[in-house]
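Peer 1: Got a structure for you, questions after.
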């Protein structure tokens, strides 16, 4: 898909199942019966992991880096975490005509393992890349030794900073303290890669629903509503990294609310 002069492609890595729990929990439970199409036969929300490849001529940026070459079973004791597995990102990158050595920048929306996976493997996969990390996120959440190893090639950014031609950071805190989206613009076209500010397209219809994993549910709702307002602009597309098989779409009015319209 093209956004002006830029080419954008989804790079799948794997799949994840989420327990449909949220905040406020009673409201989420009451409405889920109307949205059975979003759940599998074990009543898990079907989601995915991967990254967004942005190309400008010969140059290449990857936004988020999947879960990596591993699999984790569902944790019965965890409020929302189901099974998750990765492993496909390098092969899918090759199908798009790119090798890991082509990636000059890997930009993270936040530092959860389903977004940093392939950046933390040994031996390193992205040998030429600079790693772009929101400064607030790095200051609060980089104690993982695998992330510490990225520090010599890390660039910390603030909201509004350009991370690649036509790509700027957009603060969307709430899921984590430094959670950041990326605004991709070229020749009047715009795409918002919003990370986990929206974990499911259901949250576009119900922005009052925050994920159990949101560190600040009140803040995440506030920024989610701001994000939806931006996505309602007619020149704007969205990229939902966990939106299963409908990662690209538009947001359109839906009665008194809004809804996701896949491309």
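Peer 1: Pick from 42, 185, 176 the residue whose mean-square fluctuation is largest in a GNM of the chain, springs joining Cα atoms under 10 Å.
Peer 2: Looking only at 42, 185, 176, the largest GNM fluctuation is found for 42.
Peer 1: Of the candidates 52, 95, 158, which one comes out as most mobile in a Gaussian network treatment of the chain with C-alpha springs shorter than 10 Å?
Peer 2: 95
Peer 1: Something else about it: Any idea how far the Cα center of segment 109-160 sits from the one of segment 187-248, in Å?
Peer 2: So the separation of the two Cα centres works out to 22 Å.
Peer 1: Moving on. Regarding the chain, what is the average projected area of its C-alpha convex hull, in nm²? Provide the component values of the computation, followed by the final result.
Peer 2: On the way: hull surface 53.0 nm².
If you wrap the Cα atoms of the chain in a convex hull and average its projections, you get 13.2 nm².
Peer 1: 222 nm [θ] for the chain, helices only, -39500 (n - 2.57) per DSSP H run of 4+, per residue, to 500? Walk me through the numbers on the way to the answer.
Peer 2: Numbers: 7 runs with 48 residues, N = 263.
Using -39500 (n - 2.57) per qualifying helix, the result is -4500 deg cm²/dmol.
Peer 1: State, to one decimal in nm, how far the label point of residue 83 lies from the label point of residue 222, with both points 7 Å from Cα in the Cβ direction.
Peer 2: Using points 7 Å along Cα→Cβ, the separation is 4.0 nm.
Peer 1: With label points built 7 Å along Cα→Cβ from the Cα atoms of residue 244 and residue 162, find their separation and express it in nm.
Peer 2: Distance between label points: 3.9 nm.
Peer 1: What nm value, rounded to one decimal, do you get for the distance between residue 121 and residue 259 when each label is placed 7 Å out toward the C-beta?
Peer 2: Here the answer is 4.0 nm between the modelled labels.
Peer 1: Classify segment 121-236: rounded, prolate or oblate, from the alpha-carbon gyration tensor (a ≥ b ≥ c, eigenvalue square roots; a/c under 1.5 rounded; otherwise prolate if a/b is larger than b/c)? Please report the intermediate quantities before stating the final value.
Peer 2: On the way: a/c = 2.26, a/b = 1.34, b/c = 1.69.
It comes out oblate by the Cα gyration axes.
Peer 1: Could you give the length gained on full extension between residue 2 and residue 74, defined as 0.36 nm per residue of separation minus the Cα-Cα distance, in nm?
Peer 2: Working: separation 72, 0.36 × 72 = 25.92 nm, distance 3.68 nm.
Between residue 2 and residue 74, full extension yields 22.2 nm more.
Peer 1: Express in nm, to one decimal, how much length is gained between residue 236 and residue 130 on full extension, taking 0.36 nm for each residue of separation and deducting their alpha carbon distance.
Peer 2: Details: separation 106, 0.36 × 106 = 38.16 nm, distance 2.76 nm.
Stretched out fully, the residue 236 to residue 130 stretch lengthens by 35.4 nm.
Peer 1: Right, another one. Under a 10 Å cutoff between Cα atoms, tell me which one of 183, 121, 46 has the largest fluctuation in the Gaussian network model of the chain.
Peer 2: So, out of 183, 121, 46, the one fluctuating most is 121.
Peer 1: Ok, one more. Express the relative contact order of the chain as a whole percentage, based on alpha carbon pairs under 8 Å and six or more residues apart in sequence. Write down the numbers at each step before the final one.
Peer 2: On the way: 611 pairs, mean separation 43.6, N = 263.
Over the chain, the number comes to 17 percent.
None of the figures in this text is laboratory data; all of them are computed from the coordinates on show. Bear in mind that the values here come from a model prediction, so they are computed numbers and not experimental data. Neighbour counts run over all protein chains shown; Cβ positions are idealised from the backbone, glycine included.
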